[in-house]
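A.B. asks: Have a look at this one.
The values are calculated or read from the model by the stated rules, or taken from the named source; none is laboratory data. Only a predicted model underlies this, so the values are computations on that prediction, with no experimental measurement involved. When we count neighbours, we look across all protein chains shown, and the Cβ atoms used for this are built from the backbone with ideal geometry, even at glycine.
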Amino acid sequence: MDKKWNLQDIKPAQRNERPSRPAAQPRTAEMPRRPESAPRADTDAADTLTVPVESGAKKRRVSMVAVFLILLVTFGGIVGVSYLLGGADVTVYPKHREPNINAEFTAFTNAARPSDLGYEVMTLEAEGERQVRATGQQQVTEQASGVLTIYKSTPSPQRLITNTRFEGPDGRIFRLVDSVVVPGAVDGQAGSIQAEAFASEPGEAYNLAAGTRFTVPGLENDEALFNAIYAENEAPFTGGFDGQQFVIDEDELATAQQGLREELRNALLDQLPNEKPAGFITYEGASAFTYESLPAIEYGDDLATIKEKAVLHVPLFAESELAAFLATAAVPGYEDEPVRLDNPEALTFSYVNATTSNSNLANLYQMLFELEGRPTIVWTYDEGKLATQILGANRTALSQILQAYPGIERAQAEIRPFWQRSFPTDINQINIIESLGEDPE
C-alpha cells in the first residue's frame, strides 16, 4: 500500500546547518559560550592575526643617541674629576749642611765690614715691689748716671776731656766721667763712641728717658764743630734722688731684693719669645740683666715698700746674617749664598766674659761669645718664583727650570690626574713641599 505523506510532515532543509557532533566524541566539559557581540569564527576577518612591524633604521638611531649620551656623561665626569682632583705636588730637596760648631766669635753693634757679624740690642723692663720692715729714715742724695753715644759727622777725630758738659733739650747738664776721642766720619757715616756720664746735680729730675739728644755747649764758639758733634743716650739715665729714704735692715732688704729680682727675671724671660721681632734669632744664654733699686715708700707705721726695676738686654741676630756667617766659618766651599738656620735651637750661646751677662749691652760696641752645636744650614730659594715659572710648563721642563736655582739639589713632581703631561695653569693648584731628606755628607 502506498504510503501517504502530509505536507506538514515534510521539514524544509535549513541552510548552513552545522553537522551534529559525532556521538563517539562525548563532551567532557561544557565549552564557554562566545559572547554574542564577538565576531563569529566562521568569518575570514576574525581568523586574521595582527603582527607589529618595527623600523630597523629608527632602532639604530635610538641606539646611537644612547651611546652618545653615555659618552658625553663619561667625558663630563672625567673633566669634572680632573678639575676637582687636578694639581701638582713639587717636592724640593734644597742644599743643606750640618757643620759642627764649637768656636768663639765677635759681633759688633756697627758692623763695618761685610764679613763682620752685626747685632742689635733689645731691651725689656719690669718693675715690682715688696713690703719689708723699716727702722727709720735717712737723707739720700744721688746723681743720675748713664751712657752717652757720642757722634761726629765730619772727618778727623775730636778729643773731649773729663767733665766735658753735655746739655739736654731742657737745659739739664751731664758730664763725662773720663776723656774720650770721638772718631771722625768715614765715607759719609758718622763716627761714634760710647762714654759714661753723670748728672751735674742730684735729684729725680735727671732720670731722663732713652733717646734724649745732647749738644756740647763748650763748642758753641766753633759753629761747624758744634753742629758736627752731638750725643744720645740709648738707655735711660737713672739713679737720681734727693730726699728721705727708709732705713731697712740689710739682711732683710737683701733677702727681699733677691726674691723680687728673681721674679722679675723670670717674668722678662717669659716675655722674650713674644717680643722678639720676626726674622731675628736670640738665645736665653745671651740674656744680660741689670737691676735698679727704686726709692722705698711708706706702707705703714713700721713697714716700707721697696721697689726693684729689672732691665733685660739681649742681642738680636738677623737670621739670614747669622746663617751666612756660620756657613762662611764652617762650611767648605760656601760662597755668600742665601741660607737660613733650620734649627737655631741646636746651638748653645754663652759669653766669653762672665761679667757680660750682668752688664748693660747697650753700653758695648762689641761682644765676645761662644757657640756650640750642630745646626742645619739650608740654602734658600724663592718659592713663589719657582711656582710661577712652572705654571703650564711641560713635566720634562722642571729640570731645566731648576738650573736657575743653585740652592736646590733636586726636585720631583707628581701631577694629577696621572695622564696630564703639564703642570696646572692655576698657581693655587701647585704645592711646593720642602724636604731635607738625609744629609748629603
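A.B. asks: In the stretch 142-158, which residues are among the charged types (D, E, K, R) and within 17 Å of Glu223 (Cα to Cα)? Show your work before the answer.
C.D. replies: We begin by selecting, within the stretch 142-158, every residue among the charged types (D, E, K, R); these are 142, 152.
Correct list: Lys152 only.
A.B. asks: Quick one: what pairs do we get from the stretch 418-441, first residue more than 20 Å from Asp382 (Cα to Cα) and at pLDDT below 90, second acidic (Asp, Glu) and surrounded by 11 or more Cβ atoms within 10 Å (Cβ to Cβ), C-beta under 8 Å, 6+ apart or different chains?
C.D. replies: As it stands, the answer is Asp439/Glu98; Pro440/Glu409; Glu441/Glu98, since those pairs meet every condition given.
A.B. asks: Let me ask something else about it. Please note which strands (runs of 3 or more DSSP E) are completely contained in the stretch 331-441 and include at least 2 residues that are of a type in the set (D, E, K, R).
C.D. replies: Numbers: elements: 339-341, 347-351, 366-373, 377-379, 408-416, 430-434.
Output list reads 366-373, 408-416.
A.B. asks: Please go through the stretch 191-204 and pick out each residue that is assigned to a loop (DSSP other than H, G, I, E, B) and either among the aromatic types (Phe, Trp, Tyr) or touching a Lys or Arg at 6+ places or on another chain (Cβ under 6 Å) (or both).
C.D. replies: Start the filter on the stretch 191-204 by keeping residues that are assigned to a loop (DSSP other than H, G, I, E, B), which leaves 203.
Residues satisfying the conditions do not exist here.
A.B. asks: Select from the stretch 257-284 the residues that are within 22 Å of the chain's Cα centre (by Cα) and of a type in the set (S, T, N, Q) and list them in ascending order.
C.D. replies: Filtering the stretch 257-284 for residues within 22 Å of the chain's Cα centre (by Cα) gives 269-284.
Result: Gln271, Asn274, Thr282.
A.B. asks: Here is a follow-up. Given the conditions (1) within 30 Å of Glu319 (Cβ to Cβ); (2) crowded, with 18+ Cβ neighbours inside 10 Å, and given that Ile150 satisfies all but one, which numbered condition is not satisfied?
C.D. replies: Every condition holds for Ile150 apart from (1).
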